[in-house]
Each structure stands twice: as C-alpha cells, then as structure tokens.
Amino acid sequence: MGKRVVLVEDELNIAEAIRFLLSREGWRVETLANGSSALKVIRKAMPDLVMLDVMLPGRSGFEILQDLRADPELQALPVLMLTARGQSRDREMAERAGVSRFMTKPFSNAEMLDAVRDLTRGGPAG
Amino acid sequence: MDALRVLPFLGLALWMVPLLWPLGPGPEGLPPGTGADTAPGMTTADALRYIFGVWLLLILSAAVLWRRTGDLPGPGEPVDPAAPAEGGG
Amino acid sequence: MVSLNQLVIVCLTYVAGLFIVAFAAERAALRGHGDWLLRSPLVYTLSLSIYCTAWTFYGAVGYAARSGLEYVTIYLGPSLIMVAWWWLLRRLVRIGRAQRVTSIADLISSRFGKSNLLAIVVTTMAVIGVTPYIALQLQSVTLSLSIFAVSEAPADGAVPDLGSSALWVAVGLALFTVLFGTRNLNVNERHHGVVIAVAVEAVVKLVALLAVGIFVVWGLAGGIENTLARIDASDIGQWRVDGSRWAALTILAAAAFVCLPRMFQVMVVENDDERHLQIASWAFPLYLMLMSLFVVPIAVTGLDLLPPGSNPDLFVLSLPLSEGQNGLAMLSFLGGFSSATSMVIVATLALSTMVSNHIVMPIFLAVRQGGASQSGDVRNVVILARRLSILLIIGLGYSYYRASGGSGALAAIGLISFGGVAQFLPALLGGIFWRGATRAGALSGLATGFALWMFTMLLPSFGEGVALSAGIFAEGVLGLGWLRPQALFGIEGLDPTVHAVVWSLSLNALVFGLVSIFTFPDPVERLQGAQFVNVLDHSRPTRSWTASVAGSEELMIMAQRILGAREAQVFFRHWAQRQGGAGTLPEPTPDFVQALERELAGAVGAATAHAMVAQIVGGASVSVQDLLAVADESAQMLEYSSQLEAKSRELVETAAQLRAANEKLTQLSLQKDNFLSQISHELRTPMTSIRSFSEILRDTDRLSAEDKTRYASIIHTEALRLTRLLDDLLDLSVLENGQVTLNLARCTLGDVLDHAVTTAQTGATRPLTIERDPAEENLGFLTDPDRLAQVFINLVTNAQKYCVSAAPRLRISTARHDGWIDVIFLDNGAGIAPQDRALVFEKFTRLMRTGDAGDGAGLGLSICREIMTRLGGHIDLVEGGDGTAFRVRLPAGQAEAPKARVGDMQRVG
C-alpha cells in the first residue's frame, strides 16, 4: 500500500508531469484542478502529503492551506506549495500560513522529488 | 425707507454749507478772515433764514416720512432689515 | 416790581405743583391708568427736552450776543441725531430693551463683557463730566434770582446773600429726586413721576421762551422785518462763525446728545415704545428749533436796549424786567427754573443709578463675603445706595458751584461738560456697530480721551495758575513744547475748544480701534458683542447659564431681596407656569436663569446682576454652543460661511472625483505592481511543464514511444504558449507606445467578421453558435482589416472560452448611427460582475470564471482596446441585459481616415 498524495494544480500539463514522477516513485497521486473542492477531497483521501498550486480557480492555495491548518485532523499534514509567482511576499505568506515547504516553478524534477521525500521521511515505501 | 436713511446726511450737508460763507468783519471792524473787507459777507439775518429754513425742511421731511412709512413693527416683532416695512401712499 | 418774596412763593407753588403732578402720575401708573398720556410719544418727546437746560434757556442768548449764530450748533447736532434715529437711536433703544440697560455705563460695561471695571471708569468720568454742569444749573438759578434782587436792592442798598438760595434749590431738588427717582427699584419700570414732571417743565420753558421772544419781536422790535433789520445792524449782524468751530461744535453737541447720562436716561432707559422715536424724530427737532428761534432777536434787542455791561446771559429775564413786564419776567424765571431743575433731577437720577449700581453695590457685595445668597435685604441696600448717591451728586454739584465761585460764562462750562461725556462716543458706537471692539480697547480709548479732555479742556478752564501753572500753558508739561494744553503736538492757532475736541475724540477713537484690533475679546465679551451689534436682526438673548447646579430656592431668596418679595414670587410663578410644572418654583433652566438675570439687571445693573447670579449658579459659563451661536448670528459669518459652503461643496466634489480617480489608480497601480509577478507567472507556468517533461525525456530510459511523443508534444504546446505570450506582450507594448503601423485598406465589415469567426472557431473545443445578420454587415469602410479581425477574433474566442451557458450562443449585431458603426457581441453567459467591469480591459485581468484559464495571459482585451484606439474607435462593455455584451465602435465616415498618430501612418492605403 503506497502512500498517497493529493495534488491540486490547474495547469494540466504540470499536473501530469508531477503525477508521472510521483507514480514512478510509488505514490498514489490524486489530482484535481479546482481549489473549491480541494478540502473535501483531502479530507476524504487523508493523504500523506498535499501539493498545492497558489493560483487556483475557486480557492487559492493560501486559503486551502489556512483551512487545512485550522482543521485539527489535518493540522499536521505536510504541505508542499508550488507557485509560478516569483515573489518573496508569497513565500512569507505561505510560511505564515504554516506551509511545510515552498517551491518556485519551474523546479527540477530531482529537487521536487527530494522535497517530497523529505516531507514524508523516506518516501512512499518507508 | 431709503429716504429715511439719507435724510440726516442731507441735513448735515446743508448745515455744513455755512463753512463756505465768507466771514464778515468783526464787531470791532477788524476782519478776522481774509478779504472780508471787500466782500460784503453773509448777514446774520440771511444766515438765520437759511439755517432755520433747512431746519424746517428737515422737520417736515421727517414728519412726512413718518406718515409715509407708518409705524415700525412693535418691539416684540423682529425687524427684518432686508424687507423694510412699506407704508401706504 | 417783583419782590423776592413773591418770587419765592411763586417758585414754591410751582414746585409743589410739580410734586403733585409727579405724585399723580405715579399713582396713575400704579393703577394702570393714564397710559395714553404717560406712555405717549408726546411725553417722550417733551422729556427729551431736558437737553435744553438753563444753559439753553439763559446761556444761548448770551452765547448769541457774544458769538452770533454759533450758538445754534448746540441744537443742530441733536436735531441731526434725531433725524438719524434709524441709524443709531433705534439700535440703542432696542439694545436697552433687550439687555435691560440701566445707564450708559451699564450699556458700555454690558457690551464689553459685563466688565465692572469699565462701568466704574465710565461712571467716574460721567460724574466728573456732569458735576460742573449741575453746578451750572445751580448757578443759573442763583443768577436769575440775583436779577430780581438787584432790581429790588436800591431800596436798602445791599444785595442780599444769594448763596443760600443755591443750597435751598439743591436740597429741594435732592428731595424731589429721592422721592420720585428711587420709588421703584427696577429702573426699567420707569420713573413716570419724574418723566411727567420733566414734560411739564418742558412745556413751561418752551412757553416762557416763546413768550419772551414774541414780546421782543412784536412788542419791542416792531415786527419780523424790523427785527431782521435790527439784527443786521447790530454787532453780530455779520456772519463770522469760524468754520472749524461750526463743524466741531455741531459734532460735539451730537455726541453729547447721545452720551450725556441724562439724555441716555430719558431717551433709552425711559423709552416705552420704539415707535415713539419715530415721532420724536421730527417733533424734537421742532422743539429745538422753537427753543432757538428767538434767541438772536432777544440777544440783539438786549444789546440794543439794555445798558452796556448787562450780563447777556440774563437778557431773557432782564429785558422783560426793564420793560416793566413783571408777569412775563416771572414766567421767564419759571422757564429758567424749570430748565435747571429738570436737568438736575434727571442727571442726578441717571448718575445715581450708575454710582449705586457700579460702585456702591459691587463694593457692598465684595465687603459682605457671604455674597448674594445670604440673608439680609439687598433691596433696601440698593435703594439706600441710590439715595445716598443722589445726595452725593447734588452735593458735589453744590460744592463745585461754591468752589468755582459761580464765575465764567454759562456756555463755556456747558461745552466743557459736553467734551467730557463725548468721550464715551467711540466706545459706544464701536460697541454697537463693531464686533471687533474689545474691553481693553474701550478702556484705553476712554482713558486716553478723558485724560486729554482733562488736560486740554477741564483744567485750562480754571484759568492760568489755578490747576495748571502759566508755565505749562506757555511751555508745556516738563517744558516739553508739544505738551502745551492748547497746542498739543505743536499745532497752534486752533480754537481751544476745537483743539480739545479734535485731539481728545480722535485719539480716543484711534486708541480704541488700535487696541481693539490687537487684543482678543473673552467669550462673554464676544457673545455680548454679537448681541449688541446684531440686536436688530433678532432681539432674543442667547447667553446661557449652565444652571443645573443653581438651586431655585437660593435664586428665589436672592430675587426676593432685590426685586421685592411680591414681584419675585410673581416672576417665579410665571416661569413655573411657563415651564408647565406645578408649584411656584421653576426649574432653573438656562432660559429662566437668564431671564432672572435680566430682571435683576434692571434693578442693579448688568454687571452686578451677573455677579450675583454667578455667585449662586457657580460661575458664568459660556458654552461652545453659545460661541457657535455667536458665529451663527453674525450676518458676516453667514455670508462668509455660505461662501465656505460653496467652496466646501466644490471640495467635496473634487474629493469625490479624486477618490474615484485614486481608486482606479490604486487598482491600476496594484496591477502595475503585480505586472512583473504576472509576467513571471505567465512565463514560469509553461516553463515548468517544459522543464519537467524535458527532464523526464532526458532521464528516463524506459519510456514508451507513445509517451515520448506525447511528452514532446506537451513541450511543444507549452513552447507555443510561451511564444504567444511574448507576441502578445510585444504587440501590446508596440500598441501602447504608439509605434504601430496600420495597413489601411478598404473592406466590408462582413468580410472581416467572416475571417474572424472562421479563425476563432478553428480548433475550438467547445461548440458556440454564432448568430449574424449578413445584410446589416454589408458596410464598406477604410480600416486595417487584420487588426480589426484581431479584435473580433479575441471577442469570439472569449465568448467561446468563458460563456458558461449550456448552449453557448454569440449574437453579433451591427448598428449604424451618428457617424459610428457599432458591432455588438452579446453572449448568453452570466455576464460580468459590476465590480469587475472597470478592470476587464486591464492587462492580465482574468476573471477566472472557469477552470480553463490557462490558455490566455489576460492580455487579449487590453490589446483590443489599444487596437480600437488606433483605429479611431473604441471598445467597451455595454451594461444591462443578460450575458456579456462588448461593443466595438468604429468611425463610419467614408472620408474619415482612421485616427492614427501623426508620423505613424507610413503605409496608408
């Protein structure tokens, strides 16, 4: 039984790339392109990791993160945030909201996978 | 109403006309003013007629104005300076 | 021959008659009878005649005999003031009524913040100024008696000592004034007895003077023509009045007429009805004219007929006597006696009110530390103070008469007195016409004027070596040449009277004005100033007490002691009823306390009443509302504030415009601020995919051919997207910088639309029904077809992408009007929210209504807007209706060249 990750990303091509990379590492990846239903999906899936884009239709990545941190059950969930907006303000906002790791696009695959492993201590098999 | 306001100034102006009259010779025959020995000067009788004439004129005008403007509003009623009371006639 | 004893009997009878008349008038007034007479304009006018004192009665003839027609200035000034009642007296009477003013000192002190110091100064000045005048009256009575005595004297060879007669006259006058002047405490209830007696005396003196005059003209001179001829033949037959004296004396008399305490008393304090002023405005000048009508004939005839050396001041008496007209002489004597007594009575009354209210009462209140609320009848104290003041003032007058030895021409003393009281004029006029006048200004102006008057008029009048040494006259104070009493600042050659009047009044006014400008009024002053200056606009009082702390009982106790128990109870009950409460004690509302203060002011003067109420209420307080009320009241302020209002309205409008502009700017600035961030996002997003998939392709060995192809095509798509974004950015930049090149060509709208729709629908994933009407699209015009098509493509693509309807439909309609062609793109989607409308055309605006947002960078509509501007038209959102409606507006004119910047049109056609 592999670990699960919920990926919220409206850019379908990016989502596909991440899905490919994580699946290869043994993750079960659940993707959704809309921010508004993200919380529901996460609560249902109870994943080991959440990956969030910032600019999302419906609900922004920040808002989803805040919701997660406000939910006692999901509080400790590692969240990796990805953004294409290269502003330090975004990083500060994310850190204040309690993000686990913040990455700026474009990222190298290895970098991203390292971060995922790091956040889940060893990866899906461990 | 305007005549009422102007009347005193008219009176003042008319009564200050004597300032223009030449001064007559003094009682001792010495002219206190200049050139008075040649000019006949104003006699006191003429001066009397003039001054009392103006006086009478002022009194009559004031009386006529009083008749024309009618009574003022009583002390209890505020006077609106913008709308002066217009009397009959 | 009239014997002295006969004369005394006639005099006593006359005085007894006056007592009876006054007594009857008091009784009638008390019962409410006789108002038709007591409160008639006739009585008011006659009471004004106390202006004509013995100085007028005897002195005018002497004056005329010495200086010709100059005497008449003394009557011209007051006549002008009466005719000008609309300007000044109306205000004074209104203020006197509204503020319950008891004297001129009260008026000035009340105006300048109820300052007792000012009241004391004015009172002192008035006493100093008027005492010689009272002495003058006593002197004239004595002199007139002496005429009879002299004519009787040869019998026994000795002229009886008449000094005691002045004393008896003084005692009699004091008695009368005490009896009728202090009968009722509240001065505003008016002294009917005194007023009616004064009116009777006015008739007597007029009749007496007219009788003598008629006797002289028709009895002695033989008719008007002969009289005039005689005048011209006399020593005073030529006009030789100095011009400066003529003007200065007229003005001085006018000023004194207003400022003399006794004139203020009858004119303002005793005034029952403002309308009386109107009648007096012509009736009193008439009285004055009649009084002065026969002065010159009497003087001339006297000079002719009487032996040289006769005192011309007494021609009125000596002429009839010398002709053996004893009855006429007696009447004439009574006329002079009337003039003297009425003046003394009213002047004493006025002065005693001032002395008791402003000097005795404040001292009394200060000495008794307990203040007004302690027990003890203040009422008695007030009356006692007033009676003592009367005795004091008449005593002063008598002492002055004895001390001066009854010397000097009557007119000289009169003028000196006029000069003294005229010093009140600047403070008085400034107080009622100028809100900027301050207490400090009034005090310093009065002090300056009075000091100058003393130095240039009063002290020199005693003669050289008496009050001022001959050295001072010649060389000035301390040897300073510019400090000579009759040549101040080295200006010589002026008539001494003119010199004194001009210097004292002008410096007084100057100092008053300057100090007022440079000092600041306190709140009470400012409030009173507003009420005085604006008294005609509204007669309601506005100063208020914060009286919640004042106990009604305490106020009642105090009021009883000042107003009398019965009057106070009536007053309090009236107010209790007015407030709608049961019982006899009203709530101490500010209105009530203020009314009470005014009631008390009628008895003890404004300053004292204010101080007494303040002791109970706990301090005068002027609230912010009061001050605001002052501001409101001023017509000037109103005008000014309406200007301000207009200005502030403009400002509000401008501010609103600014706010709107600012709002937009803020949003724009936010957009600009986010510009780099947006571009970063738009560039990084495709690059993320490209990088990721290229790494996958590079690092993954066992990829199926199918995957490889797929990933490569994703890289390709994203690369294209990047290219498109860069194209758009460049396009926009070019359009915005105006460097665009237009390829103008003649085309029809239909063709351009065809091209656009075809292009937009190529490769479209969602179906979109497009409704068009080819007939109305058949419009030819000159434009850049490619650029226009670009706009249309954008709009169709937007509809395709963002129309949320289940069956998306786009209707393209064309309308032509006013030289414009409107092409409207209306879809059946949800429309654009109002708050977003302003932003739709801004760069990078994506309203994110659907998840399919990744395609455009949000530059399309910005580009459209720029293109349309270049093409001479514009694009906007049409509000209202369902769905989103974009309107593309093109210039329709065939000849109209599309607008492009000069120099841009390199390839026209």
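Yes/no matrix, rows are residues, columns are (1) on the phi > 0 side of the Ramachandran plot; (2) within 10 Å of chain B (Cβ to nearest Cβ); (3) in contact with a Cys (Cβ under 9 Å, 6 or more places away or on another chain):
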{"position": "C:63", "(1), (2), (3)": "no, no, no"}
{"position": "C:69", "(1), (2), (3)": "no, yes, no"}
{"position": "C:76", "(1), (2), (3)": "no, yes, no"}
{"position": "C:79", "(1), (2), (3)": "no, yes, no"}
{"position": "C:82", "(1), (2), (3)": "no, yes, no"}
{"position": "C:89", "(1), (2), (3)": "no, no, no"}
{"position": "C:104", "(1), (2), (3)": "no, no, yes"}
{"position": "C:107", "(1), (2), (3)": "no, no, no"}
{"position": "C:114", "(1), (2), (3)": "yes, no, no"}
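Assigned to a helix (DSSP H, G or I) and either surrounded by 16 or more Cβ atoms within 10 Å (Cβ to Cβ) or among the acidic types (Asp, Glu) (or both): does that describe residue C:18? Yes.
Just checking, does segment C:54-67 include any residue being more than 31 Å from the chain's Cα centre (by Cα) and surrounded by fewer than 23 Cβ atoms within 10 Å (Cβ to Cβ)?
Looking for residues that are more than 31 Å from the chain's Cα centre (by Cα) and surrounded by fewer than 23 Cβ atoms within 10 Å (Cβ to Cβ), one finds at least one in segment C:54-67, hence yes.
For segment A:1-57, taking the residues that are assigned to a helix (DSSP H, G or I) and among the β-branched types (Val, Ile, Thr), the one that is farthest from the other protein chains (Cβ to nearest Cβ) is identified as A:42.
Does segment C:723-739 contain at least one residue that is in contact (Cβ under 8 Å) with a residue 40 or more places away in the chain, within 30 Å of residue C:842 (Cβ to Cβ), surrounded by 15 or more Cβ atoms within 10 Å (Cβ to Cβ) and within 14 Å of chain A (Cβ to nearest Cβ)? Yes, that holds for at least one residue.
Residue-by-condition table, conditions (1) crowded, with 19+ Cβ neighbours inside 10 Å; (2) hydroxyl-bearing (Ser, Thr, Tyr); (3) modelled with pLDDT of 70 or more:
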| position | (1), (2), (3) |
| --- | --- |
| C:467 | no, no, no |
| C:489 | no, no, no |
| C:520 | no, no, yes |
| C:546 | no, yes, no |
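For segment C:45-60, the candidate set comprises residues that are part of a helix (DSSP H, G or I) and either among the polar types (S, T, N, Q) or touching an Asp or Glu at 6+ places or on another chain (Cβ under 7 Å) (or both); within that set, the residue that is nearest to the other protein chains (Cβ to nearest Cβ) is C:45. Under the condition of being in contact (Cβ under 8 Å) with a residue 12 or more places away in the chain and within 7 Å of chain A (Cβ to nearest Cβ), the residues counted in segment C:656-696 number 5. For residue A:108, indicate whether it is closer than 27 Å to residue C:682 by Cα, modelled with pLDDT under 85 and among the hydroxyl-bearing types (Ser, Thr, Tyr). So residue A:108 fails the test.
Results for (1) free of Cβ contacts under 8 Å to residues at least 40 places away in the same chain; (2) crowded, with 21+ Cβ neighbours inside 10 Å; (3) touching a strand residue (DSSP E or B) at 6+ places or on another chain (Cβ under 8 Å), shown as yes or no for each residue.
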position: A:43; (1), (2), (3): yes, no, no
position: A:50; (1), (2), (3): no, yes, yes
position: A:56; (1), (2), (3): no, yes, yes
position: A:60; (1), (2), (3): yes, no, no
position: A:73; (1), (2), (3): yes, no, no
position: A:97; (1), (2), (3): yes, no, no
position: A:104; (1), (2), (3): yes, no, yes
position: A:113; (1), (2), (3): no, no, no
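Examine segment C:626-647 for a residue that is within 14 Å of chain A (Cβ to nearest Cβ) and either under 60 Å from the mean Cα position of the chain (by Cα) or at pLDDT 85 or above (or both), and state whether such a residue exists. Within segment C:626-647, not a single residue is within 14 Å of chain A (Cβ to nearest Cβ) and either under 60 Å from the mean Cα position of the chain (by Cα) or at pLDDT 85 or above (or both).
Could you tell me which residue of segment B:7-21 is surrounded by the fewest Cβ atoms within 10 Å (Cβ to Cβ), considering only residues that are at the interface with chain C (Cβ under 7 Å from one of its Cβ atoms) and in a helix (DSSP H, G or I)?
B:19
Quick one: residue C:89 ticks every box in (1) farther than 21 Å from residue C:425 by Cβ; (2) under 34 Å from the mean Cα position of the chain (by Cα); (3) not polar (S, T, N, Q) bar one, so which box is it? Failed condition: (1).
The values are calculated or read from the model by the stated rules, or taken from the named source; none is laboratory data. On a predicted model such as this, the values are computed, not experimentally measured, just so you know. Here the Cβ is made from the backbone with ideal geometry for all residues, glycine too, and neighbour counts use every protein chain on show.
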